[in-house]
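The values are calculated or read from the model by the stated rules, or taken from the named source; none is laboratory data. This one's a predicted model, so the numbers in the text were calculated from it and none came from an experiment. For neighbour counting, all protein chains shown are included, and Cβ atoms are generated from backbone atoms with ideal geometry for every residue, glycine included.
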Amino acid sequence: MTTTPGNASGDLPGKPPVVDLATWQAAREELLVREKAHTHEGDAIAAARRRLPMVELDGAVKVTGIDGPVPFLSLFQGRDELVVYQHMWYDGAPHQGQCEGCTTTAWHVKDAVYLNARGVSFAVLTSGPWDEVAPYVEFMGYTQPWYSVRGVEAPIGGQMGHIACFLRDGDRVFLTYSTTGRGNEPVNGSLGLLDMTPYGRREAWEDDPEGWPEAPQTGAPVGGHGEPISCTWRSDADGVATWGPTSRPVPQWTRPGATPVETLGRQGHHH
């Protein structure tokens, strides 16, 4: 069993031109100028982010975790800052029917020791009921704390698929930042590494050179056609990317007891 698409790289069309080392080095240094500018702009944006205002929340609101209902304030674990990922949930769906996009984010934060060392705690919040969430967390092998925010109003509850940052001042709690969509990408180091490779993420929206391999199509027909794979890969037991009824979010195939499946538990749902 594999967790990667079946296409071997040797079978793919399109290759970068072959040059001598000096020519490659000159081209690499030319790109480095743009990379440094990108880094400096990112630093400037982060500086502006640190200057955003904040809004006070009720830190006493209860969320439900492994120890039952606890105040949101306790998620700070005594630290001054807290980062949470708000994980989508499909009620009543089996493990393989849960959100493949949220899986990519949660899977990449399996250890928060470097955050903790800087005085930042991390937790996953989800809109699912705790009696469904708890066995899912155990199956996935997640070590970070999860909490159900079922019935809790935004911004602690509400819409999922976001990263949110909070600051504590004694018993007072403040929301300082929130992002979603591609704003979540800093968590997913795999995407950054793929961006460094010749073929990139293999997604349809990418700007590729002439003759480059097209984004692979999944086996799930939508409107009579397959869909391009994406960063939120699902695969079947053979590692073939598919959104079909035999698929799981890719990391689930490494979990003990993960067997081929017959249904996603989400009728008519595609990413």
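Tabulated data
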| read-out | value |
| --- | --- |
| Qualifying residue in region 211-230 (condition: polar (S, T, N, Q), farther than 23 Å from residue 93 by Cβ, modelled with pLDDT under 85 and in contact with a Gly (Cβ under 6 Å, 6 or more places away or on another chain)) | yes |
| Residue in region 236-251 that is in contact with a Cys (Cβ under 9 Å, 6 or more places away or on another chain), at pLDDT 90 or above and surrounded by 17 or more Cβ atoms within 10 Å (Cβ to Cβ) present | yes |
| Selection within region 101-125 - part of a loop (DSSP other than H, G, I, E, B) and of a type in the set (Gly, Ala, Ser) | 112, 119 |
| Top-ranked residue of region 12-24 - restricted to ones that are free of Cβ contacts under 8 Å to residues at least 24 places away in the same chain and under 16 Å from residue 198 (Cα atoms), ranked as farthest from the chain's Cα centre (by Cα) | 19 |
| Residues of region 68-84 satisfying the condition of being surrounded by 14 or more Cβ atoms within 10 Å (Cβ to Cβ) and either in a strand (DSSP E or B) or of a type in the set (Val, Ile, Thr) (or both) | 70, 71, 81, 82, 83, 84 |
| Filter pass, residue 147 being aromatic (Phe, Trp, Tyr) and not in a loop (DSSP other than H, G, I, E, B) | yes |
| When residues of region 109-153 are limited to those that are aliphatic (A, V, I, L, M) and under 18 Å from residue 184 (Cα atoms), the one nearest to the chain's Cα centre (by Cα) | 109 |
| Residue 166, sole failed condition from (1) touching a residue at least 60 places away in the same chain (Cβ under 8 Å); (2) under 17 Å from the mean Cα position of the chain (by Cα); (3) under 24 Å from residue 67 (Cβ atoms) | (2) |
| Residue 53 surrounded by 11 or more Cβ atoms within 10 Å (Cβ to Cβ) and without any contact (Cβ under 8 Å) to a residue 60 or more places away in the chain | no |
| Residue 128 vs. criteria assigned to a loop (DSSP other than H, G, I, E, B) and either touching a residue at least 12 places away in the same chain (Cβ under 8 Å) or of a type in the set (Phe, Trp, Tyr) (or both) | yes |
| Residue that is surrounded by the fewest Cβ atoms within 10 Å (Cβ to Cβ), among those in region 135-162 that are under 25 Å from residue 259 (Cβ atoms) and touching a strand residue (DSSP E or B) at 6+ places or on another chain (Cβ under 8 Å) | 142 |
| Residues being hydroxyl-bearing (Ser, Thr, Tyr) and in a loop (DSSP other than H, G, I, E, B) - total across region 170-220 | 3 |
| From the options 47, 22, residue that is within 28 Å of residue 113 (Cβ to Cβ) and surrounded by fewer than 10 Cβ atoms within 10 Å (Cβ to Cβ) | 47 |
